[in-house]
Amino acid sequence: MDPEEVRRGRRNAAINILVHYYNTHVDREPCYTSSQIGDKWMGEMISGHPARFQNIFRMSQRVFSDLLLDLRTSHGLHGSSRTTDREVLGITLYILSQNESMRGAMERFQHSSETISRYFSVGLTSLVSLAQAIIKPEDPTFARTPAQIRNDARYMPHFKGCIGAIDGTHVHARVPENEKVAFIGRSGSTTQNIMAVCDFNMCFTFAMAGWEGSAHDSRIFKIATRNPEYNFPHPPQGKYYLVDAGYPMQRGYLKPYPDTRYHLPDFQRASNRTRNRKEVFNRRHSSLRGVIERTFGVWKKKWVILRDMPPYPFPKQVQVVLATMALTNYIRRHPTRADVDFERVEVNDDEVPVEPYEYRIGQSLPTEENDNASICTKDGEGASEMKALREEITVSLVGD
């Protein structure tokens, strides 16, 4: 080839590269040109109609403002010269509550994908920090009987030593192909398995997230309660949690009678009639333990992302679970005490949100399908003490 043609070809290639760089990075056409830029939209929302704000961010303007201040001062939430703190929190809540895609958030807040992704991670990290401070009992000594029991004749004095309920649930998970088998539960889909404790104010007091969907509830329970590094809020002497049949009977954990009708829908189909003393206890136990089902129901209703998790790295999916639990607690414990989702379930505390059977960790692996289940749920230390307590409560209930 002629040397002159080679030089000409190289020169034209260099010119084309320079033109492309100029058009892309110097004289590029702006993409996000809407007048409703992120912070301006956030200002409009904060000063706008309360229902509109609630629908988008799943909390009131007052709760949002207080949350923003707490995250900024104590949990590392920050923006930049071009992205305000409230915009960062807005981006985070928008994605969690609407399960909005990065592209949708880019259009709504008029930022690049890099900016949206970066500040969603900032917001998520600050909420996980909040989770460490707020997912715990308000009274770690459990000195007083909860007001919800103390003021309800159905449960007082029978369950005066009860301090909360334990159960598990599943949320959708996205994992690599080579890890899917361990995450597949009875539903046939991949799920993340979460064990939680809640109080009677419908707040999470302990959470253990990140387990495979196939893991048995009692296995997670034993690891959570036996390993000091997880800071499980153990019940003091004379106090106890309500647990389902999928957990072991041991000191501090009260199970229903086995081989006896238990779940409230079963009683409702039988016109709420009980056939014997064991059913009397089980029905009241189920009614009181329903607080954790209602708590799960509010949590999943608020944060749509839990129903169809985006393909984030799995550690980030675990962060989403903890962050949304922290938000649920923050809303519930806020001094205003006004939230439409909580108010709906408080109207009728027997109306428990129904989760799919396969998503209920306590029932996901029947003993006949899992050889380890009977070993995991075997009675532990203090089981005879709890059986005696169950009998004492039954006598008290039947006497009523």
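What size of dipole, in debye to the nearest 20, comes out for region 38-134 about its Cα centre when the only charges are +1 on Lys and Arg C-beta atoms and -1 on Asp and Glu C-beta atoms?
I would put it at about 80 debye.
Just add up the charged neighbours of Arg390: K/R +1, D/E -1, any other residue whose Cβ is under 12 Å from the Cβ of Arg390. Provide the component values of the computation, followed by the final result.
Details: positive: Lys255, Arg277, Lys278, Arg284, Lys387; negative: Glu385, Glu391, Glu392.
Charge balance near Arg390 sits at +2.
Say R0 is 41 Å: what FRET efficiency, to the nearest 0.05, do Asp66 and Gln268 get from their beta-carbon distance?
Step by step, r from the Cβ atoms, then E = 0.55.
Under the Karplus relation 6.51 cos²θ - 1.76 cosθ + 1.60, θ = phi - 60°, what is the ordered set of whole-Hz ³J(HN,Hα) values for region 159-172, x standing for Gly and Pro?
Values, residue by residue: 10, 5, x, 7, 10, x, 9, 10, 7, x, 8, 10, 10, 4 Hz.
Using amide H atoms built 1.01 Å from N in the peptide plane, name the residues 5+ places from Asp379, or on other chains, whose amide H lies under 5 Å from its own.
Those lying under 5 Å, H to H, from Asp379 are Met249.
What list of ³J(HN,Hα) values in whole Hz, one per residue of region 319-335 in order, does the Karplus curve 6.51 cos²θ - 1.76 cosθ + 1.60 (θ = phi - 60°) give from phi, with Gly and Pro shown as x?
Along region 319-335, the couplings run 4, 4, 4, 5, 5, 6, 5, 4, 4, 4, 4, 4, 5, 5, 8, 5, x Hz.
I need the Debye-formula profile for region 294-350: one equal scatterer per C-alpha, no solvent, reported as log10 I(q)/I(0) at q = 0.16, 0.29 1/Å, two decimals.
The calculated log intensity ratios at q = 0.16, 0.29 Å⁻¹ are -0.54, -1.21.
Loop only per DSSP, at most 14 neighbouring Cβ atoms within 10 Å: give me the trypsin sites (Lys or Arg not before Pro) in region 248-314, ordered by residue number. Mind dumping the intermediate values first?
Numbers: sites: Arg251, Arg261, Arg269, Arg273, Arg275, Arg277, Lys278, Arg283, Arg284, Arg289, Arg294, Lys300, Lys301, Lys302, Arg307; in loops: Arg251, Arg261, Arg273, Arg275.
Answer by residue number: Arg273, Arg275.
Residue separation times 0.36 nm, minus the C-alpha to C-alpha distance between Ser396 and His78: what's the value? Display every interim value, and only then the final one.
On the way: separation 318, 0.36 × 318 = 114.48 nm, distance 5.54 nm.
Between Ser396 and His78, full extension yields 108.9 nm more.
What is the calculated FRET efficiency for Ser121 to Ile184, with r their C-beta to C-beta distance and R₀ = 30 Å, to the nearest 0.05? Numbers along the way, then the final one.
Values: r = 28 Å, r/R0 = 0.94.
Step by step, r from the Cβ atoms, then E = 0.60.
Tell me, what ³J(HN,Hα) does each residue in region 300-317 have, in order and in whole Hz, if you take phi through Karplus 6.51 cos²θ - 1.76 cosθ + 1.60 with θ = phi - 60° and put x for Gly and Pro?
6, 5, 5, 10, 4, 4, 5, 7, 8, 5, x, x, 6, x, 4, x, 6, 5
Give me Asp152, Asp308 sorted ascending by neighbouring Cβ count inside 10 Å, so fewest comes first.
The most exposed by this proxy come first: Asp308, Asp152.
Would you mind checking which residues have amide H under 5 Å from Trp211's amide H? H placed 1.01 Å from N; only 5 or more apart, or other chain.
The answer is Asn193.
Roughly speaking, what is the centre-to-centre gap between region 89-139 and region 164-187 when only Cα atoms are used, to the nearest Å?
A separation of 23 Å, based on Cα centres.
So how strong a dipole does region 98-187 carry about its Cα centre when Lys and Arg Cβ are +1 and Asp and Glu Cβ are -1, to the nearest 20 debye?
Working: 11 positive and 9 negative charges, 56 e Å.
Dipole of region 98-187, to the nearest 20 debye: 260 debye.
Once you treat every alpha carbon in region 91-215 as an equal point and sum by Debye, what is log10 I(q)/I(0) at q = 0.11, 0.13, 0.14 Å⁻¹?
Taking Cα atoms of region 91-215 as identical point scatterers yields -0.61, -0.78, -0.86.
Which stretch or stretches of region 312-331 have amide N atoms under 16 Å from the point lying 7 Å from Tyr230's Cα along the Cα→Cβ direction?
Answer for this model: 322.
Taking K and R as +1 and D and E as -1, what net charge do the other residues with C-beta under 13 Å from the C-beta of Phe53 add up to?
Local net charge: +2.
If you build the Cα gyration tensor of region 38-134 and take the root of 5 times each eigenvalue, what three semi-axes come out, in whole angstrom, biggest first? Spell out each step's value before the answer.
Working: eigenvalues 64, 58, 31 Å².
Three semi-axes, in Å: 18, 17, 12.
Amide H to amide H, which residues 5 or more places from Thr190 or on other chains are under 5 Å from it, using H placed in the peptide plane?
So Thr190 has HN proximity to Ala173.
About the Cα centre of region 126-176, how large is the charge dipole given +1 on each Lys and Arg Cβ and -1 on each Asp and Glu Cβ? Please answer in debye to the nearest 20.
60 debye
Read-outs throughout are calculated quantities, based only on the coordinates presented, and are distinct from any laboratory measurement. Because the structure is a prediction, the values reported are computed rather than measured. A quick note on method: Cβ atoms are made from the backbone with ideal geometry, for glycine too, and the neighbour counts reach across all protein chains shown.
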